Structures are given as C-alpha cells and as structure tokens.
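**Q** The structure that follows is given in the form of structure tokens.
The values are calculated or read from the model by the stated rules, or taken from the named source; none is laboratory data. If you're wondering where the values come from, they're calculated on a predicted model, not measured in any experiment. Every residue, glycine as well, gets a Cβ built from its backbone with ideal geometry; the counts of neighbours run over all protein chains shown. Ligands, DNA and RNA are excluded from the accessible area calculation, which covers all protein heavy atoms including side chains. Shrake-Rupley method; radii C 1.70, N 1.55, O 1.52, S 1.80 Å.
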Amino acid sequence: MTLELIIFIAAILFGIFIYWRESRNNGFYRFFNKVINSKALQMKPEDKTGFVYKQSFLLRLVFVGFLFLIGIVIVRFLIPIDVATISIFASMIVGTIIGTYLANFIFKSSEVIEEQTDSLEDIMQDTIEKGKDFIEDLTNKDDLEIEAIKQEQPKVEEKSARERLKDKGLL
C-alpha cells in the first residue's frame, strides 16, 4: 500500500511535468504527426496540441496508458523481478491523468488571474473610494441629525439655583 501511494504521488508530479513540458514545446508530437500523417493532414505550425496538452480525456488515457505499458515491458526485460503489478500500473496511469488535469487547472487559473489583475486593481480602488464616501456620508448625516434635534427642542427656561432653593423653602 505504501509503495502504491508513493508511486501515485510521483505519477501526479510526472503528469504535471508532462503537461508543462508539452505546453512549452510539442516537438515529439509534431515528429510523430509528420511521420504518420500525409502533408495535407499534418498539424499547422501554430497548433500547440501534444500527447496530453489540449487533448480529450480518452486520448490522454490512451497515450498515458501506452507510455506506461512500454515502460513496464522494458522494466520486465531489464529486471526479472515482478515489480510491475496491475495495481501499480493503474496507480501510475490514474495519477498521471490527475496530474495533467491539475496542471491544466493551474495554467488556466494563472492565465485568468493575469488577465484580471488590472481589472481587479480597479475594482478594489473603486470599492475603497465608495467605502470612504459611505463613511463620510454616515458621519455627516449623524452630525446633521444631532444639530437638527438640538434646534427642534425649545429651550425651557430653567430656574436658577436660588429660585429652586426658595421653592423648596430652604431659603
């Protein structure tokens, strides 16, 4: 179980690495595309498609499965020990596919963040300005209400302290 978990995590990292590598340069895929397809069917120079980069799930699964199948066959001939079991093979494939989708998510989110950076900055500035205006309105409104209340209340003439004492009969 521990070996499978380690291989699964390593496969996720391997999937991220493959996706990143193909997003930079898809020369290996272009080579196979030139060898397999006729001139009319070959991919255009601006096409960035790779084995896992910009591919559907099914094609990613086929390419990754084929890659690990070749790797396991080579390992079986080099090392006669039964290391490559079905569960490890499945862990490698699933981990690599998850890694490619994780890398895709990271790349897409970083592109969106880069595009929205300027607009986010403007939105934050507008929000701060609106907040300042709102606070100023609240403080000004409170001051005006207090002054209005003071003006509305008629001043009752109060008796002086001497008169109050006389009323009580103390003077």
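**Q** With the full set of protein chains in place, find how many percent of the accessible area of the range 1-63 is carbon and sulfur; take the probe as 1.4 Å. Walk me through the numbers before you get to the answer.
**A** On the way: 3250 of 4620 Å².
With neighbouring chains kept in place, the figure for the range 1-63 is 70 percent.
**Q** Whole number in Å², please: accessible area per residue of the range 49-123, 1.4 Å probe, ligands, DNA and RNA not counted.
**A** Values: 4990 Å² over 75 residues.
On a per-residue basis, the range 49-123 sits at 67 Å².
**Q** Given a Förster distance of 25 angstrom, what is the FRET efficiency for V62 paired with S110, based on the Cβ-Cβ distance and rounded to 0.05?
**A** On the way: r = 28 Å, r/R0 = 1.11.
About 0.35, to the nearest 0.05.
**Q** So how much accessible area does E115 have, in Å² to the nearest 10, using a 1.4 Å probe?
**A** About 130 Å², rounded to the nearest 10.
**Q** Let me check something: with ligands and nucleic acids excluded, how do T139, T100 order by accessible area (1.4 Å probe), largest to smallest?
**A** On the way: T139 70, T100 0 Å².
In descending accessible area the options line up as T139, T100.
**Q** May I ask you to list the lysines whose Cα is less than 24 Å away from that of K159, ignoring any residue fewer than eight positions away on the same chain?
**A** Within the straight-line limit of under 24 Å, K159 reaches these lysines: K150, K168.
**Q** How much length would be gained if the chain were fully extended between T2 and D82, taking 0.36 nm per residue of separation minus their Cα-Cα distance, in nm to one decimal?
**A** Working: separation 80, 0.36 × 80 = 28.80 nm, distance 1.69 nm.
Gain on extension, T2 to D82, equals 27.1 nm.
**Q** How much accessible surface does M124 have with a 1.4 Å probe, in Å² rounded to 10?
**A** About 110 Å², rounded to the nearest 10.
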